[in-house]
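In what follows, a single structure is set out as C-alpha cells and then discussed.
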Amino acid sequence: MTEPTTSPFVLWIDDPAAVGSRLLGGKFGSLAEMTAGGFAVPGGFGITTTAYRYFLEYAGLADRAREVRAQAVGADLAQVQAISAEFTAAIQAAPLPADLETAILTAYAELERRTGRSRLPVAVRSSGESEDLAGASFAGQYDTFLWVRGADEVLRYVRSCWAGMFGAAVLTYRPDSDLTAATADHGICVGIQQMVEARAAGVMFTLDPVTGDRSKVVIEGCWGLGEGVVSGGVTPSRYVVDKVTFEVLKRDVAHQEAMYSFDPAIAAVGLVPVATDRCDAPCLADDQIHALAELAKRIERHRGAPQDIEWAVSEAGDVHVLQVRPETVWSHRQAEQLVTERKSAVGHVLARFAGVGVASNGGRPS
C-alpha cells in the first residue's frame with residue numbers, strides 16, 4: 001500500500017505557495033499567478049500533480065501508465081485507441097484513496113462556503129505539467145468539463161481528467177517529432193474553479209493575430225459561455241482596439257441565434273436559443289470593450305510578453321479572467337516581420353483554445 005505523501009493533494013490558487021508551483025500544472029499555475037497579481041480570477045483550487053501520482057500508485061497503475069505511453073510510440077491509430085480504451089477504463093474503475101477523496105471533498109465544501117452556494121457549479125479543468133514546456137504544447141489535448149455540480153460529480157470528473165492523460169489524442173501527440181516529450185512521465189493537476197454565469201465570453205489577444213501588430217488588442221466574443229468561440233461552434237463578434245487610446249478601430253458584429261449555456265432541460269451545458277432582441281445586437285457594450293482592452297494591456301504588462309486570454313463578463317457586468325497563456329505565433333518574430341508578413345494566425349491561436357476538449361457535465365466533448 002502506498003504511503004501518504006507530505007506534498008499537498010490540494011492547493012488553492014489564492015495561496016501564496018501556489019505561485020510558481022509545478023504542482024498546479026501550466027494552466028492553473030498561470031491562474032495562480034494572475035490571482036496573486038490582483039486580477040479577477042474566479043476562485044478555485046487545484047488537485048495537484050502529487051494527488052494524481054498518488055492515485056496511480058495506490059491503484060497499482062503507475063507502472064502500467066509508463067508502459068502505455070511507451071507502447072503508443074510507433075503503434076498505429078487502431079492500436080493506440082485500443083490501448084487508450086483499456087487503460088482509461090482501468091482508471092475509471094480504480095479505487096480512490098480515502099485520504100485523497102476526503103481532501104477533494106473538503107476543498108469543494110470550502111469553495112461552497114466561500115461562495116455561499118451549495119452544489120456550486122464548477123469547471124473541472126485539466127492542467128498538465130507539459131502545457132508550459134517550450135516546443136511541446138500539450139494544451140489542447142486535455143479535457144475540461146463545465147457546470148459540474150455536487151461532490152459526487154466533482155469526483156467523477158476529476159477521475160475523467162486523469163483518464164484524459166491517456167486519451168488517444170494525447171498518446172499520439174508528437175510535438176516536433178519529439179518522442180521524449182511524448183513518452184515523458186508528466187503529471188496532471190485538475191483545477192476546480194467556480195463557474196462564471198456568463199452573459200458574454202470569448203478570447204482576446206494583445207496583438208493582432210492576423211498581422212502581428214502589437215499596437216492592437218483583438219477581442220472575439222459571443223453571447224453565453226466562451227465555448228461558442230473556442231470550439232468554433234459560434235461565429236464570434238470581433239473588435240479591434242487601439243492599445244494606446246482604446247478607440248474601437250473596427251467592429252464586426254456577428255448574427256448569433258444560439259449560444260452555449262446551462263440548459264435546465266438536460267441539466268448540462270448545451271446550445272440554447274439566443275433571445276430574439278440579442279441575435280443582431282453586440283454582445284459587448286463599448287464600456288465593456290474598453291474594460292477588456294485595458295485588462296489585456298495590464299496582463300501583457302504584468303507578464304512582459306503578448307498573451308492569449310480567455311475572458312467572461314457576468315450578467316452583473318463584471319469581467320473575469322478564465323485563462324491566460326503566452327502568445328507564440330508572432331511574439332518571437334522580428335519586429336519588421338510583424339508589419340510585412342501577412343500570414344493568418346487566427347486558426348492556430350483559436351485551435352489552441354478550442355483544443356481543451358471542453359465538455360458539459362454530461363461528458364460530451366465539443
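The values are calculated or read from the model by the stated rules, or taken from the named source; none is laboratory data. For clarity, every value in this text was computed on a predicted model and none was experimentally measured. Glycine gets a Cβ as well: all are built from the backbone with ideal geometry, and neighbour counts include every protein chain shown.
Does Val229 satisfy the condition of being among the hydrophobic types (A, V, I, L, M, F, W, C), assigned to a loop (DSSP other than H, G, I, E, B), buried (at least 22 other Cβ atoms within 10 Å of the Cβ) and in contact with a Cys (Cβ under 8 Å, 6 or more places away or on another chain)?
Criteria not met by Val229.
Per the listing Ala75, Ala65, the residue uniquely over 21 Å from Val148 (Cβ atoms), part of a loop (DSSP other than H, G, I, E, B) and either assigned by TED's automatic domain parsing to the domain that holds Arg149 or free of Cβ contacts under 8 Å to residues at least 40 places away in the same chain (or both) is Ala75.
Looking at (1) out of contact with any strand residue (DSSP E or B) (no Cβ under 6 Å at 6 or more places or on another chain); (2) at pLDDT 50 or above, find the lone condition where Gln323 falls short. Evaluating Gln323 over (1) out of contact with any strand residue (DSSP E or B) (no Cβ under 6 Å at 6 or more places or on another chain); (2) at pLDDT 50 or above leaves (1) as the failure.
What about Val234, is it in contact with a strand residue (DSSP E or B) (Cβ under 6 Å, 6 or more places away or on another chain), at pLDDT below 95 and assigned to a loop (DSSP other than H, G, I, E, B)? Yes, satisfied. Being hydrophobic (A, V, I, L, M, F, W, C) and either more than 19 Å from the chain's Cα centre (by Cα) or within 24 Å of Phe166 (Cβ to Cβ) (or both), is that true of even one residue in segment 27-36? Yes, because at least one residue in segment 27-36 is hydrophobic (A, V, I, L, M, F, W, C) and either more than 19 Å from the chain's Cα centre (by Cα) or within 24 Å of Phe166 (Cβ to Cβ) (or both). Looking across Ile289, Ile309, one residue alone is in a helix (DSSP H, G or I), under 30 Å from Ala36 (Cα atoms) and modelled with pLDDT of 95 or more. It is Ile289.
Could you run through segment 267-280 and say how many residues are assigned to a loop (DSSP other than H, G, I, E, B) and either touching a Leu at 6+ places or on another chain (Cβ under 6 Å) or surrounded by 13 or more Cβ atoms within 10 Å (Cβ to Cβ) (or both)? Going through segment 267-280 one residue at a time, the tally reaches 3. For segment 11-50, filtered to residues that are among the hydrophobic types (A, V, I, L, M, F, W, C), part of a helix (DSSP H, G or I) and free of Cβ contacts under 8 Å to residues at least 60 places away in the same chain, the residue that is surrounded by the most Cβ atoms within 10 Å (Cβ to Cβ) is Ala32. If you check Val349 against the conditions, is it outside any loop (DSSP other than H, G, I, E, B) and modelled with pLDDT of 95 or more? Spelling it out, it is not the case that Val349 is outside any loop (DSSP other than H, G, I, E, B) and modelled with pLDDT of 95 or more.
Are there any strands (runs of 3 or more DSSP E) wholly within segment 113-226 with 1 or more residues that are more than 26 Å from Ala293 (Cβ to Cβ) and modelled with pLDDT of 95 or more, and if so which?
In segment 113-226, the matching strands (runs of 3 or more DSSP E) lie at 122-128, 144-148, 188-194.
I'd like the full set of residues that are assigned to a loop (DSSP other than H, G, I, E, B), surrounded by 15 or more Cβ atoms within 10 Å (Cβ to Cβ) and more than 25 Å from the chain's Cα centre (by Cα), limited to segment 237-256.
Within segment 237-256, Lys243, Phe246 qualify.
Within segment 93-108, the set of residues being more than 25 Å from the chain's Cα centre (by Cα), among the small types (Gly, Ala, Ser) and crowded, with 16+ Cβ neighbours inside 10 Å comprises just one member, Ala94.
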